[in-house]
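First the structure, in the form of structure tokens, and then the observations on it.
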Amino acid sequence: MPKSLDPLKLQASDLDGKLLIRWMPVRNAQTGQLHIMDGTKAIDVTLDAIQLSRGFYLFARQAVNNTVQLKVDTREETTSFAGPLTTPRSSADLDQTESKIKAERQDGR
């Protein structure tokens, strides 16, 4: 009987005007695919093993309504986010936020 794969637990939220896409870190896959609907605009992002193991992706959204689909191996999950556009913080602030997310992932939060 094949081993079942853990759910991705895909989530999307706003982070200072960017779409923060989170999932449970994946350590046993080489690639994955994010399909983002930013309003009516479709964006496809190929994730490598390092990105999959980080468990998040920041996307500069341009629309109020967003839908995200993540495909890894045979797993596929979809989530949505709707919220007003906000003014993004500086890139230094976003770098600091990205570091905080990485630290949370390493601590198992």
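The values are calculated or read from the model by the stated rules, or taken from the named source; none is laboratory data. Because the structure is a prediction, the values reported are computed rather than measured. As a convention, Cβ positions derive from the backbone with ideal geometry for all residues, glycine included, and neighbour counts pool all protein chains shown.
Residues that are surrounded by 11 or more Cβ atoms within 10 Å (Cβ to Cβ) and modelled with pLDDT of 95 or more do occur in segment 82-98.
Specify the residue that is surrounded by the fewest Cβ atoms within 10 Å (Cβ to Cβ); the eligible residues are those in segment 29-57 that are free of Cβ contacts under 8 Å to residues at least 40 places away in the same chain and in a loop (DSSP other than H, G, I, E, B). Per the criteria, the residue is 40.
Residues in segment 15-48 that are in contact with a Ser or Thr (Cβ under 7 Å, 6 or more places away or on another chain) and on the phi < 0 side of the Ramachandran plot: 11 in all. Can you find even one residue in segment 12-24 that is β-branched (Val, Ile, Thr) and either part of a loop (DSSP other than H, G, I, E, B) or more than 22 Å from residue 100 (Cα to Cα) (or both)? Scanning segment 12-24 turns up no residue that is β-branched (Val, Ile, Thr) and either part of a loop (DSSP other than H, G, I, E, B) or more than 22 Å from residue 100 (Cα to Cα) (or both). In segment 3-17, the qualifying residues are those that are at pLDDT below 90 and within 16 Å of residue 64 (Cβ to Cβ), and the one that is surrounded by the fewest Cβ atoms within 10 Å (Cβ to Cβ) is 16.
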